[in-house]
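Participant: Please find one structure pasted underneath; my questions will follow.
The values are calculated or read from the model by the stated rules, or taken from the named source; none is laboratory data. Predicted, not measured: the structure shown is a model, and the values here were computed from it. Backbone-built Cβ (ideal geometry, glycine too); neighbour counts: all protein chains shown. Areas reflect the complete protein model, heavy atoms only, side chains present, ligands, DNA and RNA absent. Shrake-Rupley method; radii C 1.70, N 1.55, O 1.52, S 1.80 Å.
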Amino acid sequence: NSTLGHRVVPWPQLHCYAATKHAMTALTEGMRQELREDNTNIRIASISPGLVATEFLAQMINDGAAAKKMYESVPCLEAKDVASSVLHILSSPVHVQIHDVIMRPTGSMN
């Protein structure tokens with residue numbers, strides 16, 4: 001998911017992206033409820049990171065240099081930070097269900 005699955009920022013280029021992430025939030029919760037109703041004991045989690053330094057922005061704006069400059073100007077997460085959260089969820093005890101992880105870089109304004 002993404003932090004944009006929990007809020008909408010005033011950047012029109014991201015409004016459709018945010019809509020898909022809000023849908024992901026709703027689908028995940030719906031699936032969680034169905035799994036619980038069926039007594040499956042299957043756990044489901046959602047990780048919603050803030051800005052992660054990846055190739056995504058460069059592709060979206062079609063400008064790698066501008067993306068690199070932006071990533072260098074604000075606090076960003078790294079892919080390994082998100083992977084660490086995945087490992088934490090997967091290694092949690094079977095009686096623990098981690099529903100939602102919202103993670104932002106320290107010092108981030110959003």
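Participant: Can you tell me which condition residue 90 does not meet? The list is (1) open to solvent by 40 Å² or more (accessible area, probe 1.4 Å); (2) at pLDDT 95 or above; (3) closer than 21 Å to residue 17 by Cβ; (4) of a type in the set (A, V, I, L, M, F, W, C), and all the others hold.
Facilitator: (3)
Participant: Contact list please: Cβ distance under 7 Å, first residue in region 38-60 and at negative phi, second residue open to solvent by 100 Å² or more (accessible area, probe 1.4 Å), pairs at least six apart or on different chains.
Facilitator: Correct list of pairs: 50/104.
Participant: Another one. Please count how many residues of region 1-42 are farther than 16 Å from residue 103 by Cα, among the polar types (S, T, N, Q) and not in a helix (DSSP H, G or I).
Facilitator: Qualifying residue count for the region: 3.
Participant: Pick from region 9-33 the residues that are within 21 Å of residue 93 (Cα to Cα) and open to solvent by 50 Å² or more (accessible area, probe 1.4 Å): which of them is farthest from the chain's Cα centre (by Cα)?
Facilitator: Here the residue is 33.
Participant: Could you list, in sequence order, all residues of region 29-87 that are among the polar types (S, T, N, Q) and under 20 Å from residue 3 (Cα atoms)?
Facilitator: Matches in region 29-87: 46, 48, 54, 59, 73, 84, 85.
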